[in-house]
Amino acid sequence: KIAFAYGKHIGLAFQLVDDVLDFEGDFSSLGKPGLADLKAGLATAPVLFAAEEFPRLQVLIDRKFNEPGDVDEALELVQSSNGLARAKDLAVAQADLALDAVMKLQPSPARDALAHLAYKVVVRKH
């Protein structure tokens with residue numbers, strides 16, 4: 001039960017950070033080009049949060065950013081919104097939940113390593 005909770009929350013935190021890095025990361029070290037998710041037609045957490053502020057973004061999401069200029073417009077809207085900040089905050093919250101779960105284990109080097117991983121997931125740059 002503890003392992004499941006830790007894995008679920010650390011996985012969500014990792015994915016949310018990955019979604020943010022698609023917009024803000026050092027693309028040479030990410031292993032994929034910038035905006036790869038948008039270009040693939042995927043609406044990730046920052047985009048979905050931004051769509052709450054900018055309903056126009058929902059039109060772009062519905063057509064999977066497939067029209068000329070859609071990716072650039074979506075990028076501009078996401079950057080003008082609080083979508084990236086909200087995704088980062090949610091990643092930290094998920095990492096905190098992972099940490100809460102793992103701290104229920106007996107003290108050990110393995111538990112400490114898992115706790116450290118929860119921190120590393122949210123501060124990674126690639």
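Please treat every number below as a calculation from the coordinates, not as lab data. What you see is a predicted model, and the numbers here were worked out from it, not measured in a lab.
In the chain, which helices (entire DSSP H runs) extend 30 Å or more along their own long axis, judged by Cα positions, while averaging at least 0.5 on the Kyte-Doolittle scale? Spell out each step's value before the answer.
Values: long enough: 2-24 (32 Å, 0.69).
Going by DSSP H runs, the hits are 2-24.
Would you kindly derive the ³J(HN,Hα) couplings of the stretch 56-64 from the backbone phi angles with the Karplus curve 6.51 cos²θ - 1.76 cosθ + 1.60 (θ = phi - 60°), listing them in order in whole Hz, with x for Gly and Pro?
Working through the residues one at a time gives 4, 5, 4, 4, 5, 4, 4, 9, 6 Hz.
What's the percent breakdown of Cα-Cα distances in the chain across 10 Å bins, shortest bin first?
Pair shares across the bins are 14, 38, 28, 15, 5, 0.
In whole percent, what relative contact order does the stretch 2-123 give with Cα contacts below 8 Å and a gap of six or more residues? Write down the numbers at each step before the final one.
Details: 140 pairs, mean separation 46.3, N = 122.
About 38 percent, as a whole number.
Taking the chain, how many lysine pairs are there with alpha carbons less than 22 Å apart, if each pair must be eight or more places apart or span two chains?
Here the count comes out as 15.
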